[in-house]
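Laboratory data are not the source of any read-out in this text; all were calculated from the coordinates shown. It should be emphasised that the depicted structure is a prediction, and the values quoted were computed from it without experimental measurement. Cβ sites come from the backbone with ideal geometry, for glycine too, and all protein chains shown count toward neighbours.
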Amino acid sequence: MTTASRRWALGIALFWVVVAVCLYSTGLNGAYYGDDYLFAAARPVANPLRHFVDTSLLSGWYRPIEAVILTSIQSAWQLDPRPVHALALFFHLVAIVLVTGAMRGQGGSRIAVAAAGGVMAISQANAMAVLSIDTLSQLMSTLAGFGAVLIAGRTSPGQPFGRRVLTAVLLLLALFSKESGFAWLPALLGTIALRRDAPPGTRARDKALDVVALLAVTALFFWMRSRTDAPSLSFGNLRYQMQIGSNIPANLGLLALAALLPGSNVWFVDAYRAGHTATVALMIAGAVALAAWTVLGIAFSTRRLRGFAWLACAALVVGPLLPLNHVSELYAYAAMPMLALAFGIAAEGWQERARGIARPAWVAFVVALAVSHGAAIVDKAGLMKRNGIEATRLMARVEPWVARVPERGELRLVQPDSLARRYSVYRLNGFRPIEYSEQWLRDRHDRPDLQFEVLTESEARQRPATSPTVVLEWRDGQVAERTW
């Protein structure tokens, strides 16, 4: 790599870092809401390292690294969201630099480096991961997993042991960050299988030892997880259980749309619900066009094999998650570094192939895409900030009622059927912004007996209270006690 190319890569990385900071800065003070409360410690944790052996101290999920970080921050700053958001944005900026550097390190042209860094910086599919409070786990797992893939794929004759150890450590960090980090294992195995560096006589042995190291750290993780009360993955109908059925293509479509839509998926869902068929069709056509543009660009490139390998790696990372009953765009973040690299190679292919009017046409297409995604990020940041403001307002009105709930009683929040739950973490109606705050309220008010539930009117009629209950209802945006 020449000095000029290093400077170009560094300049591009810094440019996209500044762009990302500008876009995401509007959401840096977004307060806790929704399932963020599952990761809020009402009291300081004396020894944060206990999260490695005890899931009951926070959310119940086995994400010890995230739990250590969050409880340490909350011990110093309580529920001030700014330190968490700043750390999340920092992790994302590191990912931008890592992707940009990887593209340059693999011999990418200037246009490839710029395109790859841009996708990682401003794809609207990244917004939930970067702007939420409870998603540090996803950011850290992706950074560690992607780093492991880059290290595992390096050709380094004479240094197989160091590469093996570093790859295994990074996979372990990905697993300890989030259980779904297990999905990086197939991608790593594929990377090792395709690697060509050692002489033929030792290549098979080195690869076998690499696989053994990865399987060993994976087994270590699951052994440590099994010694806690973390829920086991099983088949069933619950939110985080698995099924083999129509949920798989539905989840694949959701994640694909998150990565490929030419604008915000919030706009897409809003248009679909409002019956704006033309807008929905236009956005789907844009997604199809982007997918076709990427595949054709990779095919045009002289580095087409590497481009398609990155697409395959992205598919391997999300593939193990598809049987889950519930996925969100958050899971797309894990695939974005590989998709960004594939997009960079596609841009390089178009630069090599396009002639005449085709070149400014595809450049205009990419610029319009970047502007649209930037606007989508700002819009999503505003929606999430609004949810946090509403959660803070509701919590201030609901908390005083906890003391009035009888022993072993229930606090019910009832809202009209018109505010029933709908898909989208960005638009939460009624009491939904504080729906998952039960454990927080229990710990904060020393009421381990407290039951807490958010229901619609229909759900409340179907499930009558069986214990002493205080019922609060939603009246045109205000909270009032129901006395009948």
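Per-residue extension of 0.36 nm, minus the Cα-Cα distance of Ile284 and Gln159, leaves a gain of 40.3 nm for this segment.
Close amide-amide hydrogen proximity is noted between Phe452 and Leu411, each under 5 Å apart and 5 or more residues distant or on a separate chain (H modeled in the peptide plane; Pro and chain starts excluded). Working from Cα pairs under 8 Å separated by at least six residues, relative contact order for segment 3-384 is 23 percent. Only Cα pairs under 8 Å and 6+ residues apart enter the sum, and on that basis the relative contact order of segment 206-337 stands at 33 percent. Taking 0.36 nm per residue of sequence separation and removing the Cα-Cα distance, the Leu215/Ala396 pair yields an extension gain of 60.3 nm.
If the segment from Arg427 to Gln243 were pulled out straight at 0.36 nm per residue, it would be longer than the present Cα-Cα gap by 63.5 nm.
On the basis of the beta-carbon distance and an R0 of 41 Å, Arg463 and Leu252 show a calculated FRET efficiency of 0.75.
Label-to-label distance for Thr277 and Val21 is 4.8 nm, based on points extended 7 Å past Cα in the beta-carbon direction.
Helical runs (DSSP H, four residues minimum) scored at -39500 (n - 2.57) apiece and divided by the length of the chain put the mean residue ellipticity at 222 nm at -19500 deg cm²/dmol.
Just how far, in whole angstrom, is segment 207-246 from segment 415-475 if you go by their alpha carbon centroids? What the calculation gives is 32 Å, centre to centre. Equivalent ellipsoid of the chain: semi-axes from √(5λ) of the C-alpha gyration tensor, largest first, are 41, 28, 20 Å.
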